[in-house]
Amino acid sequence: MTKTVNHWIGGKTVEGASGTYGPVTDPATGAVTTRVAFASVDEVDAAVAAAREAYATWGQSSLAQRTTVLFKFRALLDANRDAIAELITAEHGKVHSDALGEVARGLEIVDLACGITTQLKGELSTQVSQRVDVSSIRQPLGVVAGITPFNFPAMVPMWMFPIAIACGNTFVLKPSEKDPSASMKIAELLGEAGLPDGVFNVVHGDKVAVDALLAHPDVAAVSFVGSTPIARYIHTTASANGKRVQALGGAKNHMLVLPDADLDAAADAAVSAAYGSAGERCMAISAVVAVGSIGDELVEKIRERAEKIKIGPGNDPTSEMGPLITAAHRDKVASYVAGAAAQGSEVVLDGTGHTVDGFENGHWIGLSLLDRVPVTADAYKDEIFGPVLCVLRVESYDEGLALINASPFGNGTAIFTRDGGAARRFQLEVEAGMVGVNVPIPVPVGYHSFGGWKDSLFGDHHIYGNDGTHFYTRGKVVTTRWPDPADAPAGVDLGFPRNH
């Protein structure tokens with residue numbers, strides 16, 4: 001019998017009442033292992049109501065109380081790394097080491113939230129006029145919501161809620177319905193850490209739940225990570241309903257390889273960044289731009305490495321890449337490779353027929369490498385979100401830069417070179433929010449913010465870091481004038497001389 005994942009509302013598990021459920025599969029076997037309850041509008045209302053009630057006290061709680069809970073949560077999260085990683089592997093399919101890395105990156109943001117006291121310090125200017133002082137403070141928003149994707153079911157929620165609740169907000173999470181169990185484990189750990197009931201809530205579901213959060217009058221802000229079309233919809237809809245929004249969208253991340261680069265290092269980086277986590281990450285390198293005569297040698301080095309990657313179940317310690325999340329997604333990824341030659345690309349590696357012995361019903365696909373890809377090809381234009389790497393050829397740095405900047409996406413990018421001047425020019429001239437220099441996946445550490453440009457971000461705030469604190473708080477400026485105690489009315493003696 002399959003297990004059921006229900007909601008977490010008001011500090012406890014709440015059975016789904018809508019009667020609607022979604023299947024959760026083990027990507028390595030294709031078998032349905034779990035069903036997840038889909039929330040109705042009424043159930044979303046109940047979660048928001050629990051958060052609103054909790055905000056009445058949590059929003060007034062001391063910084064010491066909040067950070068005490070977060071420190072306890074951090075310890076529990078650290079102790080349960082393997083258990084969370086196993087849940088991720090079972091429902092997403094990524095290999096255990098990838099899943100552990102995801103938890104570790106989420107822990108970085110919990111670390112940041114534990115030190116929120118420094119981030120929330122205000123400013124003070126004294127004596128701006130006679131006996132007038134001006135101070136700036138930041139206060140929480142109220143109930144905030146997070147809508148998160150399937151590819152990082154633990155990390156992306158932890159990009160949001162630790163900072164949100166550290167700032168004094170309460171939180172409603174709508175995780176991906178494809179791999180919901182990690183979020184429930186996190187909810188249980190927060191409760192064990194002493195987080196008051198209702199401060200953190202989880203509702204599962206589909207567009208019904210999403211739209212209910214976007215329209216709810218008691219939700220002050222919405223954070224989202226996912227594809228560009230949905231990010232645009234989230235931003236437009238939530239903004240129209242008067243909410244603060246940060247909506248991170250899709251990507252087509254380029255890696256520019258100059259003729260002076262260490263080609264072995266560049267090939268290692270390209271394989272890791274393109275095929276790690278089966279390419280299901282918004283910071284994957286999906287386009288290598290080879291400059292000048294090094295293209296043939298670079299493609300051959302990538303091919304040699306890609307052919308050695310071992311594909312298998314995520315819980316097999318020898319596996320280096322797991323399956324894709326669903327059979328439908330696998331088929332969509334495969335379609336880009338199947339149509340590549342007709343659109344002008346050279347298919348160096350075709351991974352579409354890959355299977356794993358003993359797991360024939362899993363959502364398997366091998367590594368694909370496309371060379372001399374034209375910018376008009378679908379494989380280049382679209383975010384594939386799978387293990388397909390496109391190589392494009394250009395003659396110069398300027399041509400490569402222009403190609404990258406012409407993309408509608410601007411999430412992350414990288415340059416591989418030994419020339420510091422070239423790297424400096426690139427980091428200033430490229431139109432992307434995150435840049436790597438000889439670093440293929442430039443995901444910022446927790447105390448710097450994550451976010452792209454152009455169609456990779458909708459809203460004014462990047463996520464976590466200083467931007468995260470600013471997003472989950474609003475500023476207030478207080479101007480104060482106090483009469484001098486020496487000017488007290490006659491008959492009131494405060495002990496101050498009156499001859500000032």
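The values are calculated or read from the model by the stated rules, or taken from the named source; none is laboratory data. Keep in mind it's a predicted model, so treat the numbers as computed, not measured. A quick note on method: Cβ atoms are made from the backbone with ideal geometry, for glycine too, and the neighbour counts reach across all protein chains shown. Please note that ligands, DNA and RNA were not included when accessible areas were found on the heavy atoms of the full protein model with its side chains. Shrake-Rupley method; radii C 1.70, N 1.55, O 1.52, S 1.80 Å.
Any chance the range 386-401 includes a residue that's over 25 Å from the mean Cα position of the chain (by Cα), surrounded by fewer than 22 Cβ atoms within 10 Å (Cβ to Cβ), over 25 Å from Pro259 (Cα atoms) and small (Gly, Ala, Ser)?
no
Looking at (1) surrounded by fewer than 18 Cβ atoms within 10 Å (Cβ to Cβ); (2) in contact (Cβ under 8 Å) with a residue 60 or more places away in the chain; (3) more than 29 Å from His254 (Cα to Cα), which is the only condition Tyr447 fails?
Of everything listed in (1) surrounded by fewer than 18 Cβ atoms within 10 Å (Cβ to Cβ); (2) in contact (Cβ under 8 Å) with a residue 60 or more places away in the chain; (3) more than 29 Å from His254 (Cα to Cα), Tyr447 misses just condition (3).
Is it the case that the range 25-39 has a residue that's closer than 25 Å to Pro196 by Cβ, modelled with pLDDT of 95 or more and in contact with a Ser or Thr (Cβ under 9 Å, 6 or more places away or on another chain)?
Going residue by residue through the range 25-39, those that are closer than 25 Å to Pro196 by Cβ are 37, 39.
Within this subset, residues satisfying the condition of being modelled with pLDDT of 95 or more are 37, 39.
Now restrict to residues that are in contact with a Ser or Thr (Cβ under 9 Å, 6 or more places away or on another chain): 37, 39.
Looking for residues that are closer than 25 Å to Pro196 by Cβ, modelled with pLDDT of 95 or more and in contact with a Ser or Thr (Cβ under 9 Å, 6 or more places away or on another chain), one finds at least one in the range 25-39, hence yes.
Given the structure, is Thr126 without any contact (Cβ under 8 Å) to a residue 12 or more places away in the chain and either over 28 Å from Ser61 (Cα atoms) or open to solvent by 30 Å² or more (accessible area, probe 1.4 Å) (or both)? Before you say what the answer is, go through the steps one by one.
On the way: without any contact (Cβ under 8 Å) to a residue 12 or more places away in the chain: yes; either over 28 Å from Ser61 (Cα atoms) or open to solvent by 30 Å² or more (accessible area, probe 1.4 Å) (or both): yes.
Yes; evaluated as a whole, the condition is true for this residue.
Restricting attention to the range 14-28, does a residue exist that is under 18 Å from Pro162 (Cα atoms) and among the β-branched types (Val, Ile, Thr)?
Initial filter on the range 14-28 (under 18 Å from Pro162 (Cα atoms)): none.
For the range 14-28, residues under 18 Å from Pro162 (Cα atoms) and among the β-branched types (Val, Ile, Thr): absent.
Sort through Gly106, Gly146, Gly101 and tell me the only one that's within 16 Å of the chain's Cα centre (by Cα) and part of a strand (DSSP E or B). I'd like the intermediate steps shown before the answer.
Details: Gly106 fails: part of a strand (DSSP E or B); Gly101 fails: part of a strand (DSSP E or B).
None of the others qualify; the one that does is Gly146.
Is at least one residue of the range 141-162 over 26 Å from His470 (Cβ atoms), in contact (Cβ under 8 Å) with a residue 24 or more places away in the chain, of a type in the set (Gly, Ala, Ser) and surrounded by fewer than 24 Cβ atoms within 10 Å (Cβ to Cβ)?
No, the conditions are met nowhere in the range 141-162.
Looking at (1) buried (at least 16 other Cβ atoms within 10 Å of the Cβ); (2) under 23 Å from Asp264 (Cβ atoms); (3) within 26 Å of the chain's Cα centre (by Cα), find the lone condition where His461 falls short.
(2)
Assigned to a helix (DSSP H, G or I), hydrophobic (A, V, I, L, M, F, W, C), under 22 Å from the mean Cα position of the chain (by Cα) and under 18 Å from Glu177 (Cβ atoms): is that true of Leu87 in this structure?
Working: assigned to a helix (DSSP H, G or I): yes; hydrophobic (A, V, I, L, M, F, W, C): yes; under 22 Å from the mean Cα position of the chain (by Cα): yes; under 18 Å from Glu177 (Cβ atoms): yes.
In short, yes.
Quick check: anything in the range 334-343 under 14 Å from Ser277 (Cα atoms), modelled with pLDDT of 95 or more and surrounded by fewer than 13 Cβ atoms within 10 Å (Cβ to Cβ)?
Within the range 334-343, the subset under 14 Å from Ser277 (Cα atoms) is none.
No, there is no match, as no residue in the range 334-343 is under 14 Å from Ser277 (Cα atoms), modelled with pLDDT of 95 or more and surrounded by fewer than 13 Cβ atoms within 10 Å (Cβ to Cβ).
Going by what's in this entry, would Gly295 be described as open to solvent by less than 10 Å² (accessible area, probe 1.4 Å), within 21 Å of Lys381 (Cβ to Cβ), small (Gly, Ala, Ser) and not in a loop (DSSP other than H, G, I, E, B)? Walk me through how you get there before you give the answer.
Values: open to solvent by less than 10 Å² (accessible area, probe 1.4 Å): yes; within 21 Å of Lys381 (Cβ to Cβ): yes; small (Gly, Ala, Ser): yes; not in a loop (DSSP other than H, G, I, E, B): yes.
Judged against the criteria, Gly295 is a match.
Would you call Thr417 over 25 Å from the mean Cα position of the chain (by Cα), closer than 28 Å to Arg105 by Cα and crowded, with 17+ Cβ neighbours inside 10 Å?
Numbers: over 25 Å from the mean Cα position of the chain (by Cα): yes; closer than 28 Å to Arg105 by Cα: yes; crowded, with 17+ Cβ neighbours inside 10 Å: yes.
Judged against the criteria, Thr417 is a match.
I'd like the full set of residues that are outside any strand (DSSP E or B) and of a type in the set (Val, Ile, Thr), limited to the range 190-222.
As a first pass, look at the range 190-222 and keep what is outside any strand (DSSP E or B): 190-199, 203-218.
Residues satisfying the conditions are Val199, Val203, Val208, Val210.
Thr228 is checked against (1) within 16 Å of the chain's Cα centre (by Cα); (2) hydroxyl-bearing (Ser, Thr, Tyr); (3) open to solvent by 40 Å² or more (accessible area, probe 1.4 Å) and fails just one. What number does that condition carry?
Tallying (1) within 16 Å of the chain's Cα centre (by Cα); (2) hydroxyl-bearing (Ser, Thr, Tyr); (3) open to solvent by 40 Å² or more (accessible area, probe 1.4 Å), Thr228 fails exactly one: (3).
Scan Ser176, Ser125 and give me the residue that is among the polar types (S, T, N, Q), under 16 Å from the mean Cα position of the chain (by Cα) and not in a helix (DSSP H, G or I). Walk me through how you get there before you give the answer.
Details: Ser125 fails: under 16 Å from the mean Cα position of the chain (by Cα).
Residue meeting the stated conditions: Ser176.
Suppose the filter is surrounded by 15 or more Cβ atoms within 10 Å (Cβ to Cβ) and touching a Lys or Arg at 6+ places or on another chain (Cβ under 9 Å); does Gly314 pass it?
On the way: surrounded by 15 or more Cβ atoms within 10 Å (Cβ to Cβ): yes; touching a Lys or Arg at 6+ places or on another chain (Cβ under 9 Å): yes.
Criteria met by Gly314.
Might you check whether a residue that is open to solvent by 10 Å² or more (accessible area, probe 1.4 Å) and small (Gly, Ala, Ser) occurs anywhere in the range 242-257?
So far as the range 242-257 goes, yes, one or more of its residues are open to solvent by 10 Å² or more (accessible area, probe 1.4 Å) and small (Gly, Ala, Ser).
I'm trying to understand the selection: among the residues of the range 338-390, which are β-branched (Val, Ile, Thr), over 25 Å from Asp26 (Cα atoms) and touching a Ser or Thr at 6+ places or on another chain (Cβ under 8 Å)?
First, the residues of the range 338-390 that are β-branched (Val, Ile, Thr): 347-348, 352, 355-356, 365, 373, 375-376, 384, 388.
Restricting the remaining residues to those that are over 25 Å from Asp26 (Cα atoms) gives 347-348, 373, 375-376.
Correct list: Val347, Val373.
Rundown of residues vs (1) outside any strand (DSSP E or B); (2) touching a strand residue (DSSP E or B) at 6+ places or on another chain (Cβ under 6 Å); (3) hydrophobic (A, V, I, L, M, F, W, C), yes/no style:
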residue	(1), (2), (3)
Trp8	no, yes, yes
Ser18	yes, no, no
Pro23	no, yes, no
Ala28	yes, no, yes
Arg35	no, yes, no
Asp42	yes, no, no
Ala46	yes, yes, yes
Ala49	yes, no, yes
